[in-house]
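To start, the structure itself, in structure tokens.
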Ligand SMILES: [Ca+2]
Ligand SMILES: [Ca+2]
Ligand SMILES: [Ca+2]
């Protein structure tokens, strides 16, 4: 009886939505949302807005610069930006990026005044960050979306009307980051060092896109470009993969002191006009540990028992655990 009342109410709301011409909304898995065709183009069109849940992988400001500057007039420079990736759980082997930008007005296809003033953009950032989520938290994101260079991203469709806001809700704090999946360059590249592309997203870059992965025992092809936002090439001796550095303080202030070969943990990304290639590994920060290029959160996700993060799990970690055993 109760459920039939609920469904009558739901039907009523749905009809009201149709009458008012409101957007359709569907809760989807990351796997459904990121589906592609043979050319790599996104195929999801079942609703105007989506609701997605998953685990936050990064701090937004370690990835893109949120600093608002509405004096920029140069085309394609969108000034303040905010971006998180969140990863599906269980069988939902996929992930999604959520993006906000300040100045849409200098994009050629958006009408003038499409962007935010500094004050408006800071208000947007405060609204999004009010949920106080961190890497490892479970969130729910609701919003419109657009495809961009190989991914379907939740965003405002470059429209600052508040009806195009997306929302981020904190569902559970401290669930924990997923353990990075170990991937070899052989799983990402074919014998000619070209990207493996599977439109069913069961292997290659698509399978790992927007998820936390680890690549072991690699060297830099050329490490001279080290610095914020730089792109470096790594190799296993035969195959190669670009690593995109973020803007964490360890990348700004620190230097490349990695002893080769080293491991890399990061978010598998695609940002490419070639929708069947252009994958890269996104590493937002580095703490100077000398053997693993990764943010601290991602190193911790890789070896949660290493409580002092010195690379080994031993009695020191056990003693630290014991000291706090059952304490409030
Ligand atoms: Ca893709
Ligand atoms: Ca908005
Ligand atoms: Ca340790």
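Read-outs: derived from the displayed coordinates by stated rules, not from any lab. Here the structure is a predicted model, which means the values were calculated and not measured. So basically every Cβ, Gly included, is an ideal-geometry build from the backbone, and we count neighbours across all protein chains shown.
Based on the Cα gyration tensor of the chain, what are the three equivalent ellipsoid semi-axes, each the root of five times an eigenvalue, rounded to whole Å and given largest first?
Square roots of five times the eigenvalues give 34, 25, 22 Å.
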Original post:
In deg cm²/dmol and to the nearest 500, what is the mean residue ellipticity at 222 nm of the chain if only DSSP H runs of at least 4 residues count, each as -39500 (n - 2.57), divided by the residue total?
Top reply: -5500 deg cm²/dmol
Subject >> P(r) weight above 28 Å for the stretch 25-172, C-alpha pairs, percent >> reply: 18
Original post:
Once both labels are modelled 7 Å past Cα along the beta-carbon direction, what's the residue 122-residue 172 spacing in nm?
Top reply: 3.7
Original post:
Calculated FRET efficiency, residue 39 and residue 131, Cβ-Cβ r, R0 45 Å, to nearest 0.05?
Top reply: 0.80
Original post:
Taking R0 as 45 Å, what's the FRET efficiency between residue 76 and residue 313 from their Cβ-Cβ distance, rounded to 0.05?
Top reply: 0.45
Subject >> Percent RCO, i.e. relative contact order, over the stretch 129-185, from Cα pairs under 8 Å lying at least 6 residues apart >> reply: 43
Subject >> Efficiency of FRET from Cβ geometry, residue 321 and residue 161, R₀ 51 Å, rounded to 0.05 >> reply: 0.50
Subject >> Virtual spin-label span in nm between residue 303 and residue 110, 7 Å along Cα→Cβ >> reply: 4.3
**OP:** Work out how much length residue 48 to residue 253 would gain on full extension: take 0.36 nm times their residue separation and subtract the Cα-Cα distance, in nm to one decimal.
**Re:** 69.5 nm
**OP:** Using Cα pairs closer than 8 Å and at least 6 residues apart in sequence, work out the relative contact order for the stretch 181-309, in percent.
**Re:** 22
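What is the chain's relative contact order, in percent, from Cα pairs under 8 angstrom and six or more apart in sequence?
14
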Subject >> Highest-fluctuation residue, 285, 224, 249 considered, GNM on the chain with Cα pairs under 10 Å >> reply: 224
Original post:
More than 21 Å apart: what percent of Cα pairs in the stretch 179-328 qualify?
Top reply: 46
Original post:
Based on the Cα gyration tensor of the stretch 123-236, what are the three equivalent ellipsoid semi-axes, each the root of five times an eigenvalue, rounded to whole Å and given largest first?
Top reply: 32, 18, 17
Original post:
What is the spin-label model distance, in nm, from residue 26 to residue 219 if the labels are put 7 Å beyond Cα along the C-beta direction?
Top reply: 5.0
